[in-house]
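A.B. asks: Below: one structure in structure tokens.
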Amino acid sequence: MDDSTAVGVDISKAHLDAYLAPAGKAARFSNDAAGFRALIAWIDQPVRAVTYEPTGHWHRAFEEALLDAGLPLVRVNPLQARRFAQAVGQRAKTDAVDARMLAQMGTALDLRPTEASSPAQRALEELQAARDALDRDRIATVNRQKQLQHRLLRRQTKNGLSQLDRHSGGHRCRDREALGRGRGPDPPDRDPDVDPRRVSRHRGRPALPDAGTRPPRRQGGRQPGRPCSGHSTIRRLAGRSFIQGGRARVRRLLYMPALAAICYNPDLRRKYRQLVDQGKPRKVAVTAVMRKLLVLANALLAQDRTWLPDPPGRDRPAPAAGALVSA
């Protein structure tokens, strides 16, 4: 692999703008199967990375085709790519310029390659995104329902909620089918036999596709930073840290389990009380418990084990393979 050569690809609905650095070659391809084949043939050499930004769902087929071709794809955060362009003094923003900036970013930075996902994983991600959208629609509809007075509008809103619930239930059924068959969401001829351990192992994958393969600090997006600009800001916020960046959805999913763990898990409740007694704000202590849950989940998935609520003692043998003592 040539460590000095990288390809940047800007993805839009209709086109793929590609740039090869440092050679300076540029080309445009259609965003379809024929365009993917032409792009792969155009690259025609070992490269360090093929860098791109995820754009809605327009990047999915592109990603699948180039991963199948064995190219080292690197998916970067659009904000990170924009900050890189600003850092090198590039103010213009066009498709061709974005492709060139992505290529330069691939040559300048040590970026982690994107891992290929299975058809079942891609199906679960799509189902999860649709379920999240339904949940947001339901919350908005319930909030509107509380303010309605007209009988017709209340009846229509009630029917709309029933339809949202039916669609959400259908997505959950397809979720089980994808887990049971290990592939896409096509319905089986009969109800699948779903292994509970397999369900627990895969259910979090749409939010954490790299769980069990990467250090937890690179998964949940817990990136604290201290404000340090201006004397008044330092006085008001001295010593405080704020979480930013990373995966906001993972943090949302961990919050309620962390509260439940504080109530029912002795080890995590002890850790929470210890932090509170040390003077830490309660939200900081909850965040620490969220972190410990992520570490535990990462270990369980990496070792393909289930959680053991009671640690082994002197009079109790160590857990067999398939169980993990809580941290």
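The rows are residues; the columns are (1) modelled with pLDDT of 50 or more; (2) outside any loop (DSSP other than H, G, I, E, B); (3) among the basic types (Lys, Arg); (4) in contact with a helix residue (DSSP H, G or I) (Cβ under 8 Å, 6 or more places away or on another chain).
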site: Lys283; (1), (2), (3), (4): yes, yes, yes, no
site: Ala288; (1), (2), (3), (4): yes, yes, no, yes
site: Asn298; (1), (2), (3), (4): yes, yes, no, yes
site: Ala302; (1), (2), (3), (4): yes, yes, no, no
site: Arg314; (1), (2), (3), (4): no, no, yes, no
site: Leu324; (1), (2), (3), (4): no, yes, no, yes
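A.B. asks: Does Ala96 count as open to solvent by 60 Å² or more (accessible area, probe 1.4 Å) and assigned to a helix (DSSP H, G or I)?
C.D. replies: Yes; evaluated as a whole, the condition is true for this residue.
A.B. asks: Name the single residue that is most open to solvent (accessible area, probe 1.4 Å) among those in segment 5-29 being touching a residue at least 24 places away in the same chain (Cβ under 8 Å) and of a type in the set (Gly, Ala, Ser).
C.D. replies: Ala26
A.B. asks: OK, next. Test each condition in (1) free of Cβ contacts under 8 Å to residues at least 60 places away in the same chain; (2) part of a helix (DSSP H, G or I); (3) open to solvent by 40 Å² or more (accessible area, probe 1.4 Å); (4) of a type in the set (Asp, Glu) for Glu125 and report the one that comes out false.
C.D. replies: (1)
A.B. asks: Scanning for something on the phi > 0 side of the Ramachandran plot and open to solvent by 60 Å² or more (accessible area, probe 1.4 Å), does segment 57-64 turn up at least one residue?
C.D. replies: Among the residues of segment 57-64, not one is on the phi > 0 side of the Ramachandran plot and open to solvent by 60 Å² or more (accessible area, probe 1.4 Å), which makes the answer no.
A.B. asks: Report whether or not Ala87 is more than 15 Å from Lys13 (Cα to Cα), among the small types (Gly, Ala, Ser) and open to solvent by 60 Å² or more (accessible area, probe 1.4 Å).
C.D. replies: Yes: the conditions hold for Ala87.
A.B. asks: Separate question: Go through segment 135-159 and give me each residue that's in a helix (DSSP H, G or I) and among the aliphatic types (A, V, I, L, M).
C.D. replies: Scanning segment 135-159 gives Ile139, Ala140, Val142, Leu152, Leu153.
A.B. asks: Checking Ala120 against (1) part of a helix (DSSP H, G or I); (2) out of contact with any helix residue (DSSP H, G or I) (no Cβ under 9 Å at 6 or more places or on another chain): exactly one of these is not met. Which one?
C.D. replies: (2)
A.B. asks: Name every residue in segment 134-169 that is under 24 Å from Arg249 (Cβ atoms), of a type outside the set (D, E, K, R) and either surrounded by fewer than 13 Cβ atoms within 10 Å (Cβ to Cβ) or over 33 Å from the mean Cα position of the chain (by Cα) (or both), in order of residue number.
C.D. replies: Scanning segment 134-169 gives Ile139, Ala140, Val142, Asn143, Gly169.
A.B. asks: Additional query: Kindly provide the set of residues from segment 30-63 that are in contact (Cβ under 8 Å) with a residue 24 or more places away in the chain and in a strand (DSSP E or B), ordered by number.
C.D. replies: Ala49, Val50, Thr51, Tyr52
A.B. asks: Does any residue in segment 248-277 that is free of Cβ contacts under 8 Å to residues at least 60 places away in the same chain and closer than 13 Å to Arg291 by Cα come within less than 9 Å, Cβ to Cβ, of a residue that is among the acidic types (Asp, Glu) and in a helix (DSSP H, G or I) six or more places away or on a different chain, and which pairs are these?
C.D. replies: From residues that are free of Cβ contacts under 8 Å to residues at least 60 places away in the same chain and closer than 13 Å to Arg291 by Cα, the pairs are Ala261/Asp267.
A.B. asks: Restricting to segment 34-55, name every residue that is open to solvent by less than 60 Å² (accessible area, probe 1.4 Å) and of a type in the set (Gly, Ala, Ser).
C.D. replies: The answer is Ala34, Gly35, Ala38, Ala49.
A.B. asks: Does Asp110 satisfy being free of Cβ contacts under 8 Å to residues at least 24 places away in the same chain and either within 28 Å of Ser162 (Cα to Cα) or assigned to a loop (DSSP other than H, G, I, E, B) (or both)?
C.D. replies: It is true that Asp110 is free of Cβ contacts under 8 Å to residues at least 24 places away in the same chain and either within 28 Å of Ser162 (Cα to Cα) or assigned to a loop (DSSP other than H, G, I, E, B) (or both).
A.B. asks: Determine which single condition Asp189 fails, assuming it passes every other condition in (1) modelled with pLDDT of 85 or more; (2) part of a loop (DSSP other than H, G, I, E, B); (3) exposed (fewer than 14 other Cβ atoms within 10 Å of the Cβ).
C.D. replies: Here Asp189 meets the rest and fails (1).
A.B. asks: Condition check: among the aromatic types (Phe, Trp, Tyr), touching a helix residue (DSSP H, G or I) at 6+ places or on another chain (Cβ under 8 Å) and more than 29 Å from Glu126 (Cβ to Cβ). Does Tyr52 satisfy that?
C.D. replies: No.
The values are calculated or read from the model by the stated rules, or taken from the named source; none is laboratory data. Computed from a prediction, not measured in an experiment: that's the story for all the values here. We place every Cβ from the backbone using ideal geometry, glycine too, and count neighbours over all the protein chains shown. Each accessible area value is taken on the protein alone, full model and side chains, heavy atoms only, with ligands, DNA and RNA left out. Shrake-Rupley method; radii C 1.70, N 1.55, O 1.52, S 1.80 Å.
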